[in-house]
1. Quick one: putting +1 on the C-beta of Lys and Arg, -1 on the C-beta of Asp and Glu, what dipole do you get for the stretch B:1-139 around its Cα centre, in Debye to the nearest 20?
2. Determine which aspartates and glutamates satisfy two conditions relative to B:K325: a Cα distance under 16 Å, and not lying fewer than 8 residues away in the same chain.
3. Between B:A10 and A:K188, what is the spin-label point distance in nm, taking each point 7 Å from the Cα along the Cα→C-beta axis?
4. From the cross-link list A:K3/A:K177; A:K74/A:K119; A:K45/A:K114; A:K3/B:K165; A:K80/A:K137, which pairs have alpha carbons spaced over 27 Å apart?
5. Identify which of A:K149, A:K74, A:K113 has the largest mean-square fluctuation in a Gaussian network model of chain A, with springs joining Cα atoms closer than 10 Å.
6. At 20 Å minimum axial length over the Cα atoms and a Kyte-Doolittle cut of 1.6, report the qualifying DSSP H helices in chain B, or say none.
7. Reachable aspartates and glutamates from A:K149, Cα under 17 Å, same-chain residues fewer than 8 places away excluded?
8. Describe numerically, in nm with one decimal, the distance between label points set 7 Å from Cα along Cα→Cβ at B:S184 and at B:K138.
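The values are calculated or read from the model by the stated rules, or taken from the named source; none is laboratory data. Because the structure is predicted, anything quoted here is derived from the model rather than measured. Note: ideal-geometry Cβ built from the backbone for every residue, glycine included; neighbour counts use all protein chains shown. Note: areas computed on protein heavy atoms with side chains; ligands, DNA, RNA excluded. Shrake-Rupley method; radii C 1.70, N 1.55, O 1.52, S 1.80 Å.
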Amino acid sequence: MPKEVWGGVGGSSYRDAFEEFANGRVVMYLSGSWQIRRMDSQIGKNFDWIAVPNPCGPSACTGIPGGAAFVALKRTKNPKDVGRFLDFLASEPVYAEYMARTENIPAHAGVAKKGVEYKVSPQAKAALAVFVADVPKLSPVAYQIQGYKLNRAIFNPTAARLGQAIAGEMSLDDALKRISADVDEQVKAAAK
Amino acid sequence: MSSARHPLLALPATVAAAVLNALDPPMRALQRLLGVPRIGWMFVTPNLAILGLFTFLPIVVNFYFAFTGGVQLYPSERPFTGLDNLGTLFDCGNYLDPASCRKDLFWRSIYNTAEFALLQVGLMVAFALITALVLNRKILGRGFFRGVFFYPVLLSPVVVALIWKWVLQREGVLNAVLASASASPVGWLSDASWAFFWCVFVSIWAHMGFYTLILLAGLQAIPADLYEAAEMDGASPWRRFSRLTLPLLMPNLIVVLVLGLIRAVQVFDEVFVLTGGGPGSATTFIVQFIYQTAFAEAIHQYGLAAAASLVLAASLLILTLVQLKLTRRNLAGRTGRDDA
């Protein structure tokens, strides 16, 4: 992995590693399903690529689920109409069509079971199928961390401190200690 | 040549006179209402209001935030914590070892800033002086070169940083040149030492023109007959430089030195775009630490950031006082010599 990807930026800045993958600088790229459209359009026929299932550890084979939600404003003057519209969006055929057109992974159990007819290239379709198949394997802890309101207080110090360890400023053990201390401090600050 | 002016040429003057005539009655009424001594306040009030709103009010708010905690933005909702924020910043086992400090990034940024300021200002003043000395001579294309050296000053810091990022990134121009010479590419921005070097270099490149201009103005103010007299006395070029140029340029050099130092301590935009403070924290400077603590982290610790900016303000105040003292001493010395 080129040092620029993780170690080349400071603090909690995020450096998009897609270009590294698209230019053949890294052989594997751990990211989310939102990259598939980009890979399909930008890599094109330059080289073959495939998506593989999430890596397995002692406790789970999981990534961290992303997610989006349909929401309505509480103070709407037309709650019934808004409710009907949300029902319409969440109905199985509409939701399946929405997922197919936006190339997203369905969170609806029924739609996920039946499968979504994505209107993309066979390569992208195969990659999306891998992501869909991985959804049932996601750890409950992964859902919790994604829904945790202070999750950035975990993500940011992790990126910043690991960046420092990669740059040689501290050992990995020290980086892990600093991550714990940073998270504790930020959670305490948020509680004040 | 006809002495009669074209009617169109007289139009601006006519319009101006009309405007002034129209303004006259209300101004006279205001003067009667406020009185002559107070009318001046009416003119300075808009500027004072802007200065108060955008300069003095933020300073007061910053002070308040530095002694309060929590993540709330409204001052009334923030609990008073006294010196806790400053205590957190200065909680260190050994001040010379940032790793022993509770806020290690604060201390790393302090040391990085000090190192950057010393290197950048020292080198920049030296290069600016050399450039000014060269541009002060009657060389071919002098006007063009003056423009060339001043041009980067006109660029936005973000533009400067992006230009150099394209040059220095792994797939950038510099590595392409190296590759064409069959040399291995270098991680100019991913290696801590190189990244720091390029931050200093880019900053010098971007700002040197401004300081060169100040020194050039100083050089041009030195009377040429002094050099002629020294030359007739057989003084060597080095002696003329060390005994004439340097002492007479000292007021400008002090201004350049102190302005450069103040600017170097405040470094942020160029470096933030160029390296993001990395690799690790190798190019994280104090202003970036303040920005990250207040706005970029998940939990916005405004109090801690405000306390860090008090530390920055204190160091800038010291630098300004040093400048005032040096300038006064220099002026006093010159006046003393002149009187003698």
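1. On the way: 10 positive and 7 negative charges, 167 e Å.
Dipole magnitude for the stretch B:1-139 comes out near 800 debye.
2. Within the straight-line limit of under 16 Å, B:K325 reaches no aspartates and glutamates at all.
3. According to this spin-label approximation, the distance is 8.1 nm.
4. On the way: A:K3/A:K177 23 Å; A:K74/A:K119 35 Å; A:K45/A:K114 30 Å; A:K3/B:K165 16 Å; A:K80/A:K137 36 Å.
Check vs 27 Å cut-off fails for A:K74/A:K119; A:K45/A:K114; A:K80/A:K137.
5. A:K74
6. On the way: long enough: B:11-34 (34 Å, 0.79); B:36-51 (24 Å, 1.14); B:104-135 (45 Å, 1.38); B:192-220 (41 Å, 1.43); B:246-265 (27 Å, 2.23); B:302-339 (54 Å, 0.56).
Span-like helices in chain B: B:246-265.
7. Here the aspartates and glutamates satisfying the reach criterion relative to A:K149 are A:D182, A:D184, A:E185, B:E297.
8. The two pseudo-label positions are separated by 5.4 nm.
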